[in-house]
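I have placed the structure first, in the form of structure tokens, so that the comments after it can refer back to it.
The values are calculated or read from the model by the stated rules, or taken from the named source; none is laboratory data. All values derive from a computational prediction rather than experimental measurement. Neighbour counts run over all protein chains shown; Cβ positions are idealised from the backbone, glycine included.
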Amino acid sequence: MAEKYDPNAVESKWQAFWEKSKLFKVKEDPEKEKYYLLEMFPYPSGKIHMGHVRNYTIGDVIARYKRMRGFNVLHPMGWDAFGMPAENAAIANKTHPAGWTYENIDTMRLQLKRLGFSYDWEREIATCTPEYYRWEQWLFVKMYEKGMAYRKESFVNWCDNCQTVLANEQVESGMCWRCSSQVRQKKLWQWFFRITDYAEDLLVYCDKLPGWPEKVTTMQKNWIGKSIGAEIRFPVDNSKESIAVFTTRQDTVFGATFMCLAPEHPLVISLSKGTPREKDVLEFVERMSGQDRSSRTLENYEKEGVFTGMYCINPLSGRRMPIYTANFALMEYGTGAVMSVPAHDQRDFDFAQKYGLDKVLVVKPYDKELDSNSMTEAYTGEGVLVNSGRFDGLENRKALDEIAEYLEEKNIGKKTVSFRLRDWGISRQRYWGTPIPMIHCKKCGMVPVPEKDLPVILPEDAALLEGGGSPLSTLDSFTRTVCPKCGSADAKRDTDTMDTFVESSWYFMRYCSPHFEDGIFDKNKVNYWMPVDQYIGGVEHAILHLLYSRYFTRVLKDLGLVEFKEPFDRLLTQGMVCKEIVTCPRHGFLFPEEVEETGADSVCKKCGSQVVVGRVEKMSKSKKNVIDPNILLEQYGADTTRLFCLFAAPPEKSLEWSDQGVEGGYRFLNRIWRFTWSCMDSIKDVEPFEGSPGELEGNVRELYVKIHQTIKKVSSDIEERFHFNTAISAVMELVNAMYAIDLKEKIDPAKAGVLKFAVQSVVLLLSPIVPHFAEELWKALGNETGILLTSWPSYREDAPVKMHSNLMTF
RNA sequence: GCGAGAGUGGUGGAACUGGUAGACACACUGGACUUAGGAUCCAGCUCCGGUUACGGAAUGGGAGUUCGACUCUCCCCUCUCGCACCA
């Protein structure tokens, strides 16, 4: 193997070597500093896509770099293997989800190996195996015992298409996050995790995660949504009832002129009962319950409501306020009741305009006069209180506190904090997931499956239903059981399975002792490896997965199983992989391979029409702007594929695919290859020059200085910012400088030494990025020790800092 | 509407704490080698004017701080992402 660079030959050779030598296998070593590098594990959907390639390439480069820096690197991989696509595919193909899943895992594992990623494959886990979910069930029981897991009947987001419940996090503007169909509300008994217990702590620690992108912590903060305000009770006129409201604007209580209850609010029905309004109210509530929460909350959605026929009394102003039920009041937030202050809240203003309700101005702006009859929109700014009794003249910001205290004194309200975050509903009426290890006994009620009976195996013979629905509930052999407490045969297993986000909330801990059988994980090993030093994945998990994982880590800490509460020290969210969309006027979206390049234009291979090259968007199968990694691997090999993914953009930015860019990367590797072989005979048996530049002269000296500058630049680009694109371009500069050396002229020993140093440096610096290529040349250059066991190169501190300086002196 | 980020040649992107704007690459142009090259090597390549020397303009637009601004401050425009009747 000399003249021509043959990536396939080089790569299969070194992949076989790595596999045999088990160099990526790690164990705890107290002598070495540990580094836990983790990439988000994939769902085994069938094949690896470019997003995976980018994500895992970034991770692999860091893992390999850290190893060369002497760290004990844990770099595991596994499969987020439960989930609905397996079930859907099984229904469509009349196969079993397990078969489909394991086949996909095999395919994808091969692809990952073909890309040369340095995983410790002995730690591989698949979350659909009983060895894994057994511990999830164990943890569920622990959580149940602590009251952290509980069951309640509640309205849930229901997707008719998927026939299952969705978490709030899985509803995107009224649509199912997975299939994009309308989500509606349904009342069901569901299991929940009490994540709200940790709302405050999760929020506070958002500011203690300096290694996370601010964008992500901001999104989490918004999601948790803490509001500071007050809860105030409004007595209902002619009744013993009172209505509690939550408000952040207790400074405007005197301006509250009516009350709005969510249609689901229990008082709506009871208050209107027997009044002439009853029929209208029932009709309204009925109509609203058919609509899903999210479409009811779209901005352009018209506010509407009906009068319940009853009044309540404003506890501060004494005003008699009509009680409405209104569509914009949400049962899930606060208390499900809103004190409406039309003069100072736009929603209340709109509602008051529509139904002819009074407005009372209570905050007077500093700079203008307002009149409640002529105002055209609510005034939400600051000002001085008016029409507010004893609080008149107070600045409204100060009044927030004073009024809250006054309410507490008079025992009609109290300061309160409200969170937008709600408990995590984890029940799914689906098959391919972890069974919830609970038994419903007629006599004892809810009984957890005892530890010795775990795991509750997901039965293989369940009949998947065409229209969805819960297959376990129809499987008598599964549901029928004996109560572990009283032995009664009148007991049934819970037939729900867990949300698949539960598996991914603790997999990073399991990797530390993946085959441990005496517990969820080996505590010592977890405490050695955790927390994850660097986590890498897509921003799409900014809220769901990352928040759940932070929550689980806290639960595990409170159970005494771990000693930390934040699982991920540093987080890198890599950008999307994009490509322009190509459409044919007759055939619609076209795959890249369906387009024929004909000179200046491109045409559709099917019909010959000229195609339209559209905007650059995230690669997606539906838009057909995808590149199959396999084609790249065949044509250019893993190293070029990896090189391009890193060179085209810094990791956190989106990457625009370019076939010519890939070609350029391939050329660059060939350029190094050719140079190395063209001077191989002169440098193979020479020691690299490592002396002072003062001993050299002319362009050889310049080259020598450049090598040191390059080592420094590449080291800092990788170490500090993961900016592989500039690291690569620095090496490209060095290679260009090498080409400036005349190899036809006689090569004296000094020159040979510098050339050897140059070539070896290039190879070492690129080795985390193009590992097979580097190994091959490293060995060809006469090095006995493999590159994996070689240290990262160091540079002379006395090398001039500036890269493009003409004054390259020491 | 709220929040975050971005805007630099024909294109992707450099310029880290203010100090030669456009590194590196893609595309393009020219040359060399050549039967040939879509391989390779060398060179050119922000825009305008000029044969050259050179001059002028330029980092979305406008102002400001500074000896000096892609970088800092303010206003405006555009785009991307996230949240969105949260009381």
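General observations
- Search result, residues across segment A:603-649 that are over 15 Å from A:PRO592 (Cα atoms) and among the charged types (D, E, K, R): A:GLU634, A:ASP639, A:ARG642
- Breaking point among (1) within 25 Å of A:ARG64 (Cα to Cα); (2) surrounded by fewer than 18 Cβ atoms within 10 Å (Cβ to Cβ); (3) in contact with a strand residue (DSSP E or B) (Cβ under 6 Å, 6 or more places away or on another chain), for A:GLU656: (1)
- Count - residues of segment A:771-786 that are out of contact with any Gly (no Cβ under 9 Å at 6 or more places or on another chain) and buried (at least 20 other Cβ atoms within 10 Å of the Cβ): 3
- Single residue of segment A:329-370 satisfying the filter (within 11 Å of RNA strand B (Cβ to nearest atom), closer than 17 Å to A:PRO263 by Cβ and surrounded by fewer than 22 Cβ atoms within 10 Å (Cβ to Cβ)) that is farthest from the chain's Cα centre (by Cα): A:ARG347
- Matching residues, segment A:537-551, being crowded, with 22+ Cβ neighbours inside 10 Å and out of contact with any Ser or Thr (no Cβ under 8 Å at 6 or more places or on another chain): A:LEU546, A:LEU547, A:ARG550
- Complete set of residues in segment A:627-651 that are surrounded by fewer than 19 Cβ atoms within 10 Å (Cβ to Cβ) and more than 9 Å from RNA strand B (Cβ to nearest atom): A:ASP628, A:ASN630, A:ILE631, A:GLU634, A:GLN635
- Search result, residues across segment A:652-662 that are within 18 Å of A:LEU632 (Cα to Cα) and more than 7 Å from RNA strand B (Cβ to nearest atom): A:TRP657, A:ASP659, A:VAL662
- Taken over segment A:522-564, the criterion of being outside any helix (DSSP H, G or I) and polar (S, T, N, Q) is satisfied by A:GLN534 alone.
- The set of residues in segment A:652-692 being assigned to a loop (DSSP other than H, G, I, E, B), closer than 23 Å to A:PRO793 by Cβ and not hydroxyl-bearing (Ser, Thr, Tyr) consists of A:CYS679, A:LYS684, A:ASP685, A:VAL686, A:GLU687, A:PRO688, A:PHE689, A:GLU690, A:GLY691.
- Counted residues, segment A:408-422 - those being touching an Asp or Glu at 6+ places or on another chain (Cβ under 9 Å) and of a type outside the set (Lys, Arg): 5
Yes or no, residue by residue, for (1) at pLDDT 90 or above; (2) in a loop (DSSP other than H, G, I, E, B); (3) within 21 Å of A:GLU503 (Cα to Cα):
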| position | (1), (2), (3) |
| --- | --- |
| A:GLU87 | no, no, yes |
| A:MET108 | yes, no, yes |
| A:TYR119 | yes, yes, yes |
| A:TRP138 | yes, no, yes |
| A:LYS142 | yes, no, yes |
| A:TRP158 | no, no, no |
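- If you go through segment A:51-72 and keep only what is closer than 22 Å to A:LEU655 by Cα and among the aromatic types (Phe, Trp, Tyr), you end up with just A:TYR56.
- Meets criteria (more than 15 Å from RNA strand B (Cβ to nearest atom) and more than 30 Å from A:MET50 (Cα to Cα)) for A:PHE675: no
- Residue identified as within 30 Å of A:VAL53 (Cβ to Cβ), within 13 Å of RNA strand B (Cβ to nearest atom) and out of contact with any strand residue (DSSP E or B) (no Cβ under 9 Å at 6 or more places or on another chain) among A:VAL735, A:VAL770, A:VAL763, A:VAL759: A:VAL735
- Any hit, segment A:317-324, residues being within 13 Å of RNA strand B (Cβ to nearest atom) and either at negative phi or charged (D, E, K, R) (or both): yes
- Neighbours by Cβ (under 6 Å, 6+ apart or cross-chain): first from segment A:639-664, closer than 15 Å to A:ALA730 by Cα; second near RNA strand B (Cβ under 7 Å from one of its atoms) and assigned to a loop (DSSP other than H, G, I, E, B): A:PRO650/A:HIS723
- Applying the condition of being assigned to a strand (DSSP E or B) and within 9 Å of RNA strand B (Cβ to nearest atom) to segment A:229-252 and asking which residue is surrounded by the fewest Cβ atoms within 10 Å (Cβ to Cβ) yields A:GLY229.
- Any hit, segment A:196-203, residues being within 30 Å of A:ARG570 (Cα to Cα) and exposed (fewer than 15 other Cβ atoms within 10 Å of the Cβ): yes
- When A:ILE741 is tested against (1) part of a helix (DSSP H, G or I); (2) of a type outside the set (Asp, Glu); (3) within 12 Å of RNA strand B (Cβ to nearest atom), just one condition goes unmet, and that condition is (1).
- Only one entry of A:GLU3, A:GLU33, A:GLU11 meets the criterion of being more than 29 Å from A:PHE501 (Cβ to Cβ) and surrounded by 22 or more Cβ atoms within 10 Å (Cβ to Cβ), and that entry is A:GLU11.
- Residue in segment A:510-527 that is under 28 Å from A:PRO651 (Cα atoms) and at pLDDT below 90 present: no
- Filter result (assigned to a loop (DSSP other than H, G, I, E, B) and without any contact (Cβ under 8 Å) to a residue 24 or more places away in the chain) within segment A:419-464: A:PRO459, A:ASP461, A:ALA463
- Residue within segment A:209-217 that is touching a residue at least 40 places away in the same chain (Cβ under 8 Å), in a helix (DSSP H, G or I) and near RNA strand B (Cβ under 10 Å from one of its atoms) present: yes
- Selection count, segment A:678-715, where residues are within 12 Å of RNA strand B (Cβ to nearest atom), more than 26 Å from A:THR641 (Cβ to Cβ) and among the basic types (Lys, Arg): 2
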